[in-house]
Amino acid sequence: MLEMFQKGGPVMYFILLCSLVAAVIIIERLIYFRRIRVDEDALLARLKASLAKGHAEEALAICEANPSPITNLMRAGIDNRHEPKQVIREAVLDAANLEIPRLERFLSTLGTVGNLATLLGLLGTVTGNIKSFGVIGQLGVVGDPGLLARGIAEALLTTAFGLIVAIPVIFFYNLLVTRVNNVITRLESRVNQLVTLLEGSKNAL
């Protein structure tokens with residue numbers, strides 16, 4: 001592997017750095033989405049039962065024990081449960097807006113890394129070809145074929161390695177963006193439901 005990196009030239013180390021950054025981001029995001037995954041319907045049913053009994057503290061404890069975007073919205077609504085419906089709605093919407101940056105964290109960086117790996121592979125291709133044509137220019141077509149092969153190897157290795165890094169990065173980027181969009185869509189659809197739930201249980205609270 002070390003010999004391959006040496007043949008690929010210095011650009012290979014920058015591509016390797018891109019792969020390490022991408023791996024850290026992907027692992028962190030997958031762990032995050034796994035941690036916030038909850039059965040929303042079952043959770044809302046539990047919260048509804050607690051609120052119907054007037055147990056606001058119990059509902060807050062359920063939210064604390066099940067950290068997720070939906071429970072953060074619910075907690076914001078419960079904290080403003082004695083306010084008018086419009087105030088509750090604004091509190092829930094503000095909480096939803098705060099969740100979006102958390103969901104999208106590092107995704108732009110991941111997309112940039114995917115594009116950068118491809119461009120670095122292309123850069124290595126160009127520099128490798130420049131070396132190959134430089135050998136031909138200096139020594140002619142009958143020059144040392146080893147020197148010529150070294151430049152071609154650099155061009156091919158950096159292209160291949162750049163694509164090897166970029167393809168899975170772009171795949172996970174699109175996967176994570178889709179997951180974020182799904183969560184945001186669910187949050188938007190839940191706002192009215194949460195406000196109605198809190199408004200309906202206000203007398204009990």
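The values are calculated or read from the model by the stated rules, or taken from the named source; none is laboratory data. Fair warning: this is a prediction, and the values are worked out from it, not measured in the lab. Note: ideal-geometry Cβ built from the backbone for every residue, glycine included; neighbour counts use all protein chains shown.
May I ask you to say which residue of 42, 117 is among the hydrophobic types (A, V, I, L, M, F, W, C) and either surrounded by 15 or more Cβ atoms within 10 Å (Cβ to Cβ) or in a loop (DSSP other than H, G, I, E, B) (or both)? From the options 42, 117, the qualifying one is 117.
Return the residues of the stretch 61-77 that are part of a helix (DSSP H, G or I) and out of contact with any helix residue (DSSP H, G or I) (no Cβ under 6 Å at 6 or more places or on another chain); say none if nothing qualifies. Correct list: 61, 64, 65.
Within the stretch 19-39, restricting attention to residues that are charged (D, E, K, R) and closer than 30 Å to residue 115 by Cα, the residue that is surrounded by the fewest Cβ atoms within 10 Å (Cβ to Cβ) is 34.
Inspect all residues belonging to the stretch 52-60 and state whether any of them is surrounded by 14 or more Cβ atoms within 10 Å (Cβ to Cβ) and closer than 30 Å to residue 174 by Cβ. The answer is no; no qualifying residue exists. Cβ-Cβ contacts under 7 Å between residues 6 or more apart (or on different chains), taken from a first residue in the stretch 38-67 that is touching a residue at least 60 places away in the same chain (Cβ under 8 Å) to a second residue that is of a type in the set (Val, Ile, Thr) and not in a loop (DSSP other than H, G, I, E, B), are listed as 40/70; 47/62; 56/78. Restricting attention to the stretch 17-29, the residues that are of a type outside the set (Lys, Arg) and in contact (Cβ under 8 Å) with a residue 40 or more places away in the chain total 7. The listed residues are 133, 171, and the only one of them that is hydrophobic (A, V, I, L, M, F, W, C), surrounded by fewer than 13 Cβ atoms within 10 Å (Cβ to Cβ), modelled with pLDDT of 90 or more and in a helix (DSSP H, G or I) turns out to be 171. Does residue 20 meet the test of being part of a helix (DSSP H, G or I) and touching a Leu at 6+ places or on another chain (Cβ under 8 Å)? When the stated conditions are applied, residue 20 does not pass them.
For the stretch 161-168, the criterion of being without any contact (Cβ under 8 Å) to a residue 24 or more places away in the chain and either touching a strand residue (DSSP E or B) at 6+ places or on another chain (Cβ under 9 Å) or of a type in the set (S, T, N, Q) (or both) is satisfied by no residue at all. Of the candidates 89, 81, the single residue that is modelled with pLDDT under 90, over 24 Å from the mean Cα position of the chain (by Cα) and either closer than 19 Å to residue 185 by Cα or not charged (D, E, K, R) (or both) is 89.
Screening 92, 11 for residues that are under 25 Å from residue 173 (Cβ atoms), touching a residue at least 40 places away in the same chain (Cβ under 8 Å) and surrounded by 15 or more Cβ atoms within 10 Å (Cβ to Cβ) leaves exactly one candidate, 11.
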